[in-house]
Amino acid sequence: MNVLSQMQSYGHERVTFHQDAKTGLKAIIAIHSTVLGNALGGTRRWAYASEADAMHDVLRLSEGMTYKAAASGLAMGGAKSVIIMPNANQQPTEAEARAMGRFVDTLAGKYIAAEDVGVSPQYCDWMAMETKHVMGGNTVSHGGDPSPYTALGCFNSMKACLTHTGRKADFSNLTVAIQGVGATGYRLAKLLRAAGAAVLVTDVHVPTMKRAVEELGCVALGNDKNLFEQKVDILAPCALGGMLDAKTIANLNCSIVCGTANNQLANPSTDGDAIAKRGILYSPDFIANAGGLIRLAGLYLGMTEAEIDQKIVDIEQITTEVFALANTGSTGAAAIAFAKVKIAAGASKKVLVGAGGGSR
């Protein structure tokens with residue numbers, strides 16, 4: 001695994017590895033960009049098949065965080081971290097979390113950790129016992145669970161999708177399929193059900209799926225049916241990434257794809273065009289799922305509750321702007337271009353401020 005070549009390919013500034021002999025912690029922190037500011041990104045705790053898979057995941061996730069922050073108009077960079085679990089059954093412990101907190105602290109605030117898959121507010125609070133550079137806890141750190149805000153932002157992005165396809169932003173006669181009804185998927189289902197949509201769900205964790213059925217009135221498809229081939233109005237991938245590839249895209253039976261999962265396109269360079277050619281509108285993941293980042297980054301940056309709420313509302317307008325930029329082409333590519341313009345503008349502003357401050 002040629003780490004430097006991969007960093008150069010993705011444009012990363014820094015990738016740091018760490019192992020803690022006492023707890024068995026093995027982790028990677030990837031900082032993609034600090035052009036706009038310090039980089040906030042979640043810590044993913046996962047049993048990867050290989051270290052190469054973990055590396056691939058953290059590089060793609062951190063790159064997406066750069067674009068997510070920039071597109072949302074946040075003065076923050078992009079980063080992510082992963083904890084490599086030895087097996088899927090390993091339970092989180094305070095000792096492990098505190099070891100991760102010490103690792104985060106070595107970067108002196110360039111990276112601010114938060115929640116991701118496998119990490120809870122409690123875990124964030126444990127990390128925060130060792131570093132102040134953590135968001136998402138309830139007691140030692142702050143911010144709490146960002147998933148309600150991620151779901152709300154996705155719901156707002158769906159409104160833009162409906163409007164762009166010539167419909168009203170009305171869910172009362174729509175059917176939405178959600179893959180994964182965990183933290184964000186469940187809350188998205190709740191918003192959709194309250195708005196009158198019929199919601200089909202599937203999840204590898206059966207009790208989680210049953211909860212959505214029993215508490216929200218969703219319809220479970222089970223794990224033996226391909227949710228991506230169901231005839232629905234909107235498909236919402238809300239589990240792990242990489243589910244939209246050449247095969248699944250060819251069999252999609254929906255008009256809109258808009259979900260909370262990160263890195264939904266398995267191969268961004270080709271899959272975005274493939275969806276567009278099928279006439280299916282894709283809301284780029286880092287646009288649609290930005291609500292959680294906006295919440296935690298907003299608190300970190302000292303924004304007011306009203307300012308944070310407005311930025312989550314603005315996801316609808318940002319989605320619309322990206323669609324206009326894409327025209328009939330790849331909305332994924334358009335979203336990256338949209339974010340890069342903001343990054344370039346931020347970089348230019350920093351240069352001008354630096355030059356002005358040094359002149360006499």
Number of the condition not met by Asp57 [criteria: (1) in a helix (DSSP H, G or I); (2) in contact with an Asp or Glu (Cβ under 6 Å, 6 or more places away or on another chain)]:
(2)
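Listed residues Ala189, Ala194, Ala212, Ala183; which is among the aliphatic types (A, V, I, L, M), closer than 19 Å to Met243 by Cβ and surrounded by fewer than 24 Cβ atoms within 10 Å (Cβ to Cβ)? Steps first, please.
On the way: Ala189 fails: surrounded by fewer than 24 Cβ atoms within 10 Å (Cβ to Cβ); Ala194 fails: closer than 19 Å to Met243 by Cβ; Ala212 fails: surrounded by fewer than 24 Cβ atoms within 10 Å (Cβ to Cβ).
When all the criteria are applied, what remains is Ala183.
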Leading residue by the ranking (surrounded by the most Cβ atoms within 10 Å (Cβ to Cβ)) among those in the stretch 104-133 that are over 24 Å from Asn263 (Cβ atoms) and out of contact with any helix residue (DSSP H, G or I) (no Cβ under 7 Å at 6 or more places or on another chain)
Asp125
Residues to consider are Ala69, Ala54, Ala95, Ala30; find the one that is among the hydrophobic types (A, V, I, L, M, F, W, C), within 18 Å of Val341 (Cα to Cα) and outside the structural domain of Ile294 (by TED's automatic domain parsing).
Ala69
Note on the stretch 16-48: residues over 18 Å from Val3 (Cβ atoms) and not in a strand (DSSP E or B) are Ala21, Lys22, Thr23, Gly24, Thr34, Val35, Leu36, Gly37, Asn38, Ala47
Cβ pairs under 7 Å, 6+ apart or interchain, first in the stretch 242-267 and over 28 Å from Pro148 (Cβ atoms), second of a type in the set (S, T, N, Q), ordered by first then second residue, are Asp245/Asn267; Asn253/Gln230
Is there any pair with a first residue in the stretch 164-182 that is under 14 Å from Ile280 (Cα atoms) and a second that is at pLDDT 95 or above whose Cβ atoms are under 7 Å apart and which are 6 or more apart or on different chains, and what are they?
His164/Leu281; His164/Thr320; His164/Phe323; Thr165/Ser255; Thr165/Ile256; Thr165/Leu281
Scan the stretch 216-248 residue by residue and report those that are over 23 Å from the mean Cα position of the chain (by Cα), at pLDDT below 95 and at positive phi.
Gly222
Hey, among Gly166, Gly101, Gly144, Gly136, which residue is small (Gly, Ala, Ser), crowded, with 20+ Cβ neighbours inside 10 Å, closer than 30 Å to Leu192 by Cα and modelled with pLDDT of 95 or more?
Gly136
Checking the structure you have, find out if any residue of the stretch 228-240 is surrounded by fewer than 24 Cβ atoms within 10 Å (Cβ to Cβ) and part of a helix (DSSP H, G or I).
yes
Just give me the residues in the stretch 62-85 being hydrophobic (A, V, I, L, M, F, W, C) and in a helix (DSSP H, G or I), in sequence order.
Met65, Ala69, Ala70, Ala71
Which pairs have Cβ atoms under 8 Å, sit 6 or more apart or on different chains, and link a residue in the stretch 1-28 that is touching a residue at least 24 places away in the same chain (Cβ under 8 Å) to one that is exposed (fewer than 15 other Cβ atoms within 10 Å of the Cβ) and assigned to a loop (DSSP other than H, G, I, E, B)?
Thr16/Thr106; His18/Thr106; Thr23/Thr93; Gly24/Pro86
Looking only at the stretch 79-97, which residues are surrounded by fewer than 21 Cβ atoms within 10 Å (Cβ to Cβ) and either touching a residue at least 60 places away in the same chain (Cβ under 8 Å) or hydroxyl-bearing (Ser, Thr, Tyr) (or both)?
Pro86, Thr93, Ala95
Filter the stretch 134-165 down to residues that are outside any helix (DSSP H, G or I) and either of a type in the set (Ser, Thr, Tyr) or in contact with a Phe, Trp or Tyr (Cβ under 7 Å, 6 or more places away or on another chain) (or both), then give me how many there are.
4
With respect to Leu61, determine if the residue is touching a Leu at 6+ places or on another chain (Cβ under 7 Å) and crowded, with 23+ Cβ neighbours inside 10 Å.
no
Provide a single number: the residues in the stretch 29-56 that are closer than 22 Å to Pro268 by Cα and in contact (Cβ under 8 Å) with a residue 60 or more places away in the chain.
5
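The values are calculated or read from the model by the stated rules, or taken from the named source; none is laboratory data. All figures in this text were calculated on a predicted structure; none of them were measured in a lab. Note that each Cβ is placed from the backbone with ideal geometry, even for glycine, and that neighbours are counted across all protein chains shown.
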